[in-house]
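Colleague: The structure under discussion is supplied below as structure tokens; questions concerning it will follow.
The values are calculated or read from the model by the stated rules, or taken from the named source; none is laboratory data. Computed from a predicted model, the values in this text were never measured in an experiment. As a convention, Cβ positions derive from the backbone with ideal geometry for all residues, glycine included, and neighbour counts pool all protein chains shown.
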Amino acid sequence: MKIICIGRNYTKHIEELQNERPDEPVVFLKPDSAILLKQHPFVIPEFSDDIHHEVEIIVRINKVGKYIDAKFAPNYYDEIGLGIDFTARDLQAKLKEKELPWEKAKAFDGSAVIGNFLSKKDFSSIENINFELKSNGITVQKGNTSHMLWKIDELIAYVSQFFTLKIGDIIFTGTPEGVARVKPNDILEGFIEDKKNFRIQVK
Ligand code: MG
């Protein structure tokens, strides 16, 4: 399986990192070795002093597809979840400056937290899902899928031009504002519509 991630999909997050608003979705990949194993803590890697949490709505693909039309995209997923795209912001800044690929800063071991998946039938509208991340009990990121620059169905259409989507592939749909550095012993908890979706300890 592969993990396809979208960057810069929420205006306020683009502003907080002083990035340019993209004309098209920003896309990068994480390998399956990036998945943080269930019940495992997130261990801050030695190569970074500035790992940021990015909480994101994630989608699991359930059907093979290529050049998917946005209007048919709902046929390609039936589960929605929540995850964290851990980012080595210091390393990413260096790579961006040199216009090099981001993988070392984004796709390292443990950088993809995948929470519990919920049936999309549990939501009255995919385009109005509230989610949030708490760090040590305090809300640090809060988002709603209505604020995405590109909606889930548009993202599926876009990325499937380049990559054949396969069963089990996961799409990270971008983070809202509030990204920040994690510290050892932090407890990160993700919520979708006030229901706890995952709990991660940082080490
Ligand atoms: Mg992200």
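Here's the yes/no breakdown for (1) under 22 Å from Glu79 (Cβ atoms); (2) at pLDDT below 95:
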| site | (1), (2) |
| --- | --- |
| Lys2 | yes, no |
| Lys12 | no, yes |
| Glu16 | no, yes |
| Ala34 | yes, no |
| Gln39 | yes, yes |
| Pro45 | no, no |
| Ile57 | yes, no |
| Arg60 | yes, no |
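Colleague: From the residues in the stretch 25-35 that are touching a residue at least 60 places away in the same chain (Cβ under 8 Å) and not in a loop (DSSP other than H, G, I, E, B), which one is surrounded by the fewest Cβ atoms within 10 Å (Cβ to Cβ)?
Modeller: Ser33
Colleague: Only residues that are touching a residue at least 60 places away in the same chain (Cβ under 8 Å), within 16 Å of the ligand (Cβ to nearest atom) and either of a type in the set (S, T, N, Q) or surrounded by fewer than 19 Cβ atoms within 10 Å (Cβ to Cβ) (or both): list them for the stretch 36-70, please.
Modeller: Across the stretch 36-70, the qualifying residue is only Asp50.
Colleague: Looking at the stretch 110-131, can you tell me whether even one residue there is in contact with a Pro (Cβ under 7 Å, 6 or more places away or on another chain), at pLDDT 95 or above and within 21 Å of Val179 (Cα to Cα)?
Modeller: Looking for residues that are in contact with a Pro (Cβ under 7 Å, 6 or more places away or on another chain), at pLDDT 95 or above and within 21 Å of Val179 (Cα to Cα), one finds none in the stretch 110-131, hence no.
Colleague: Now for a separate question. Looking at the stretch 3-24 only, could you name the residues that are assigned to a loop (DSSP other than H, G, I, E, B) and either closer than 14 Å to Thr173 by Cα or within 11 Å of the ligand (Cβ to nearest atom) (or both)?
Modeller: Within the stretch 3-24, Arg8, Asn9, Leu17, Glu24 meet the criteria.
Colleague: Quick one: which of Ala73, Ala112, Ala93, Ala105 is over 25 Å from Gly190 (Cα atoms) and within 15 Å of the ligand (Cβ to nearest atom)?
Modeller: Ala93
Colleague: Also: Working carefully through the options Lys121, Lys151, find the one that is over 26 Å from His40 (Cβ atoms) and touching a helix residue (DSSP H, G or I) at 6+ places or on another chain (Cβ under 9 Å).
Modeller: Result of the check over Lys121, Lys151: Lys151.
Colleague: Continuing with this model, one more query. Could you grab me the full set of residues in the stretch 51-85 that are of a type in the set (Ser, Thr, Tyr) and assigned to a helix (DSSP H, G or I)?
Modeller: Of everything in the stretch 51-85, just one residue is of a type in the set (Ser, Thr, Tyr) and assigned to a helix (DSSP H, G or I), namely Tyr76.
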